[in-house]
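Below are the structure tokens for one structure; questions will follow.
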Amino acid sequence: MKYKIHREGLSIIFVLLVILLAFNVPAYLFIEYKPIPIAFIVISTILFLLVINFFRSPRRHYKGEIENMVLSSVDGTVVALEEVYEDECLHCNCIQLSVFMSVFNVHANWVPVNGIVKYVKHHNGRFLAAYLPKSSTENERSSVVISTPAGHDILVRQIAGAVARRIVTYVEPGENVSVEQHMGFIKFGSRVDIYLPLDSEIFVKLGDKTTGGITPIARIKPRNNNDNSTSNS
């Protein structure tokens, strides 16, 4: 699995490097007691490496069966798995599956299913801790609905947290998307909710770790031709 720096982090990393150099070089040159500037350098190096680690962007390729499968959009821990009524886009009861990302996780967001993007909307909001249930409806967030070949609409919601202050969404309505694509990016810790049909076969449980673009989290059932395919619209 190869890594690169995500484009969302390039400017931040460059600015941070300039600031750290501007602080540490004079400190080393002009502070005679060298253990002090050396300590500054060590702390700065750790900080710089943590930021680089946060913005790492692994290249991933799912090699399993993809038909009717839903993959995790993000790296993290499953923190919610319950039946809810989704009233923004789907207007029906769904299974809400939420994955929380710590600052140590990869923060790129993958498209969870192959399909066509039907809906994208950003919502301003609060910055509550992302693991709280009400963060799904009260926090800064971006909602994306993807219509799958199986005839279902899958809602993916990127949610900001107490630290995360910027959500980026790349996909647009009408776009054909696949699980190989990045759907977006959330900066500095947050969560992603995926809303699935009630009859989905769920493969994960609370506390499980997921890998974005790799971990199958559910299988959705294809609709029969005589089913009402608009129930999740």
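The values are calculated or read from the model by the stated rules, or taken from the named source; none is laboratory data. Predicted model, so just to flag it, every value in this text is computed and none were measured. Note: ideal-geometry Cβ built from the backbone for every residue, glycine included; neighbour counts use all protein chains shown. Remember, those area values only see protein heavy atoms, side chains included, never the ligands or the DNA or RNA. Shrake-Rupley method; radii C 1.70, N 1.55, O 1.52, S 1.80 Å.
S190 passes all but one of (1) buried (at least 21 other Cβ atoms within 10 Å of the Cβ); (2) modelled with pLDDT of 85 or more; (3) in contact with a Ser or Thr (Cβ under 9 Å, 6 or more places away or on another chain); which number fails?
That leaves (2) as the condition not met.
Taking the range 57-101, which residues are small (G, A, S), under 18 Å from Q158 (Cβ atoms) and not in a strand (DSSP E or B)?
S72, S73
What is the number of the single condition among (1) at pLDDT 90 or above; (2) open to solvent by less than 10 Å² (accessible area, probe 1.4 Å); (3) more than 22 Å from P58 (Cα to Cα) that P173 does not meet?
Single failed check for P173: (2).
Right, another one. Could you grab the pairs with beta carbons closer than 9 Å, sequence gap of 6+ or different chains, first residue in the range 184-206 and among the aromatic types (F, W, Y), second one open to solvent by 70 Å² or more (accessible area, probe 1.4 Å) and in a strand (DSSP E or B)?
Pairs found: F203/R219.
Now for a different question. Just give me the residues in the range 107-132 being at pLDDT below 80 and either open to solvent by 70 Å² or more (accessible area, probe 1.4 Å) or not aromatic (F, W, Y) (or both), in sequence order.
Of everything in the range 107-132, those that are at pLDDT below 80 and either open to solvent by 70 Å² or more (accessible area, probe 1.4 Å) or not aromatic (F, W, Y) (or both) turn out to be G125, R126, L128, A129, A130, Y131, L132.
In the range 57-101, what residues are open to solvent by 40 Å² or more (accessible area, probe 1.4 Å) and aliphatic (A, V, I, L, M)?
If the condition is that a residue be open to solvent by 40 Å² or more (accessible area, probe 1.4 Å) and aliphatic (A, V, I, L, M), then I66, V79, L81 are the ones that fit.
Further, regarding this structure: Any residue in the range 207-218 that is open to solvent by 10 Å² or more (accessible area, probe 1.4 Å) and touching a helix residue (DSSP H, G or I) at 6+ places or on another chain (Cβ under 8 Å)?
no
Oh, and also: Give S135, S143 a once-over and let me know the one that is under 22 Å from E82 (Cα atoms), of a type outside the set (F, W, Y) and modelled with pLDDT under 85.
S135
Going by the structure shown, is P37 over 23 Å from F185 (Cβ atoms) and open to solvent by less than 40 Å² (accessible area, probe 1.4 Å)?
When the stated conditions are applied, P37 passes them.
Mind listing whichever residues of the range 45-72 are at pLDDT 95 or above and of a type in the set (G, A, S)?
The one that is at pLDDT 95 or above and of a type in the set (G, A, S): S72.
Quick one: in the range 1-31, of everything that is modelled with pLDDT under 90 and not in a helix (DSSP H, G or I), which residue is nearest to the chain's Cα centre (by Cα)?
The residue in question is H6.
Still on this structure, I have one more. Yes or no: F104 touching a helix residue (DSSP H, G or I) at 6+ places or on another chain (Cβ under 8 Å), modelled with pLDDT of 90 or more and surrounded by fewer than 17 Cβ atoms within 10 Å (Cβ to Cβ)?
It is false that F104 is touching a helix residue (DSSP H, G or I) at 6+ places or on another chain (Cβ under 8 Å), modelled with pLDDT of 90 or more and surrounded by fewer than 17 Cβ atoms within 10 Å (Cβ to Cβ).
Would you be able to say whether some residue in the range 152-160 is surrounded by fewer than 21 Cβ atoms within 10 Å (Cβ to Cβ), farther than 22 Å from C92 by Cα and at pLDDT below 95?
There is no residue in the range 152-160 that is surrounded by fewer than 21 Cβ atoms within 10 Å (Cβ to Cβ), farther than 22 Å from C92 by Cα and at pLDDT below 95.
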